[in-house]
Amino acid sequence: MDKSIYHYFNNDDTSNENQDLSAFNGLPISDHVQAREYLTPEDLAQWRWSNVENLDIFLREVYEYYLGKGFFCIALSRVLKMATIMFVVIFSSYLYSCIDYSKLIGAQTLADIRRDHCLAQTSTTHRFLLWIFGIVWVLKLFQYISNLRFLWELHDFFAYLLKIDENEIQTISWQQVVQRIIKLRTSNLTTTNIKLDAHSIVNRIMRQENYMIGLYNKSVLDLTIELPFKGKQPFLTKTLEWSIDMCLSDYIFNDKGMIRPIVLQEDKRELLSLGLKRRFQFAAILNIILAPFAVFYATLYYFFRHFNDYKSDPKNLGARQYTPLAEWKFRELNELYHLFRRRISMSYEPAQWYISLFPREKTEIVLRFIIFICSSFAAVLGMLTVYDPEFLKLEIRPDQSVLFYLTSLGLAIAVARAMLSSPQDQAIYQPEAAMHQIAEFTHYLPEEWESKLHTEQVKQEFSKLYDMKLKIILRELLSIIINPIILGINLSNCTDTIIDYFREFSVDVESFGGHVCSLGVFNTDQISKVKAQSDALDQYYASQDGKMLKSYINFMNEYGSKDSKSQRPRNRYRRDIILENDIEEDTASIQSSHSERPIQYSQRLNASSRSAMMSSQTVPIRLNESVMDLYDKINDPQSSFLDNEETSQSPEDDKVNDGVLGILNNLYHK
């Protein structure tokens, strides 16, 4: 939303501009600026929509406006965001420079420990950093202020064209917004006559993100680090993720969000690889310089925000969340971020249940012992305090009174009790059911986990994806050291593979406005040919873990046609999934809407692949064999797959397999 959107609201062609403007109320217009004095806000919104130059940028701005919940919510959140940053910097600077901590013990008032003229006495480096922060803060504030005009133009677009006011945008679903955009586009085609549907809208919004999802799914990036006693371990933090995005976003993509044509040229591979390697090395140097400040700010912000939560409920110290790497693994192609967050948030409860099912007898024995010892000391000190309130001032050790020890013992007891398992956690011991319920929402269940869901090995592997928040924060602190290593060494050594990925997984679709990630096109005609031609393709060209098929089912569940959903049988496997006729109809509509220009894949095939593909116009996408078997069973009209499976399942399994990807749980059970 920070980028100016005015440039794609205006055409350079004055004649076309005048012609479009003259269509409103028949006004004789020679200058579009003068015309705005005569046009209503609705007419201006219609004119801007008719003259959108870059549909990708506009749709991304529309999506961000929807996520921000309207003009006033976005403006308010930006004001408070700037105030929050200012508060954190000023407050931390005050604590660092203006408090004499050597006088803290025994002080009665703030004046006893406050330094006079503290900012004048601070170091030159500190003052320099404060000046830099002040300049950046002011520039960002002016950017937000200048962007208010374009933000209001988006307000007019929603209010007058989509008929969504500031109140309705708080509750309306994104799918309804998409339908209104499609209806608006259909009733008012521009000179390009490009029609929109849900698939093309999402592909335009996620043009870059689909590439990144495929990048992590294909494990193109070497994000491993050698750790003592643990060997190679994957390592991805938010700061490292931002660094990777900074290196790739404006190098692979231009300012319009399109992949650069030079990236698709195989003869430029070596040159592009060398340039990308230099960017990674430069990012490593920047991380050494800037990462400490970013991590320090993030740590302070997290501490200020969650301290009261931890103080009021120590159980929050053991709270867990998915790691950044897990989120990239779980996110589907063409899945917008707010839909992904909604889906993944529903897995937290079964994930916590699964973790709590595993006994920790050794740990709990130690914790009970710690609770007993701390409670004994606290009981004695508490009783003496009741007998003589002045006992609180007694110093057991120099500068450490009874009050200090009572507070410390109480905190230790609370933390230890929070780490103990409750009897309710062990009441229903069903780790398999818990993990399958997790997979309903994460869409992630590796084959090597099968028959081992009750083991400590799987629990440890899942814990690496669903880790404690405190550990994730510690990794962010550790990233100050590790990020430069991964950027400067690991990623610099795999730049050839990265450039190959962007070239070989790019497909030109006219209705999408250019090249997009081939995995996000959902070309199911190619999926049906995989079995016959799988030998002609390298595994490199297939998504891992059936990502494309799962993404397709998830997408059709979110954006499937209203009629097909109402006519769909509502049994256990078919609930909330587009099957059989629905898949064929919706797939036909997707393929027909993108058939203006033949799909051209820029992929490097080996010799056998080239000869095998001489008679084919398209390159099939290869799926996992078990996933392909399932796809054939779903689309076979004479198959009794669903009926047979339904009669063979027990009532207990019925609850587990119910949901969006119930049909895929059959795959997980194999």
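The values are calculated or read from the model by the stated rules, or taken from the named source; none is laboratory data. Treat the numbers as computed from the prediction; the structure is a model and nothing was measured. All Cβ positions, glycine included, derive from the backbone under ideal geometry; neighbour counts span all protein chains shown. Just so you know, the surface numbers come from the protein's heavy atoms only, side chains and all, with ligands and any DNA or RNA stripped out. Shrake-Rupley method; radii C 1.70, N 1.55, O 1.52, S 1.80 Å.
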| query | How much of Ile396 can a 1.4 Å solvent probe reach, expressed as accessible area in Å² and rounded to 10? | reply | 90
| query | Based on the alpha-carbon gyration tensor of segment 77-235 and its eigenvalue square roots a ≥ b ≥ c, which shape applies: rounded if a/c is under 1.5, prolate if not and a/b is larger than b/c, or oblate? | reply | oblate
| What does the highest-first list of 58-69, 431-442, 400-411 look like by mean Cβ count within 10 Å? | 431-442, 58-69, 400-411
| Stokes-Einstein D (µm²/s) once Rh is taken as the Kirkwood radius of segment 416-514 over alpha-carbon pairs, at 10 °C in 1.306 mPa s | 87
| message | Suppose accessible area is computed on protein heavy atoms with a 1.4 Å probe; arrange Trp131, Trp152, Trp328 from highest to lowest. | response | Trp131, Trp152, Trp328
| Under 5 Å, built H, 5+ apart or other chain: amide partners of Ile225 | Gln233, Phe235
| query | Residue-wise, which Karplus ³J(HN,Hα) couplings in Hz belong to segment 98-115, taking 6.51 cos²θ - 1.76 cosθ + 1.60, θ = phi - 60°, and x for glycine or proline? | reply | 9, 10, 8, 5, 5, 9, 5, 6, x, 6, 9, 10, 5, 5, 5, 10, 7, 8
| Rg followed by Dmax, in Å, when segment 40-152 is reduced to its Cα trace | 22.4, 71
| message | If you count only protein heavy atoms and use a 1.4 Å probe, how large is the accessible surface of Met419, to the nearest 10 Å²? | response | 90
| All Cα pairs of segment 328-404, percent lying beyond 18 Å | 68
| request: Report Rg(Cα)/(2.2 N^0.38 Å) for segment 47-105, keeping two decimals. | output: 2.04
| field | Nearest-10 value in Å² for the accessible area of Phe128, using the 1.4 Å probe | value | 120
| Amide H neighbours of Arg320 under 5 Å, counting only residues 5+ apart in sequence or on other chains, H built in-plane at 1.01 Å? | Lys469
| said: On alpha carbon coordinates alone, what is the Rg over Rh value for segment 159-252, Rh being the Kirkwood radius? | reply: 1.18
| note | With all protein chains present and a 1.4 Å probe, the order of Met246, Met258 from largest accessible area down is Met246, Met258
| field | segment 245-388: Rg to Rh, with Rh as the Kirkwood radius over Cα pairs | value | 1.18
| query | Taking one equal scatterer on every alpha-carbon of segment 102-160, how large is log10 of I(q)/I(0) by Debye at q = 0.14, 0.20, 0.24, 0.30 1/Å? | reply | -0.66, -0.86, -0.95, -1.08
| task | Would you rank Tyr429, Tyr94 by solvent-accessible area, highest first, keeping every protein chain in place and using a 1.4 Å probe? | result | Tyr429, Tyr94
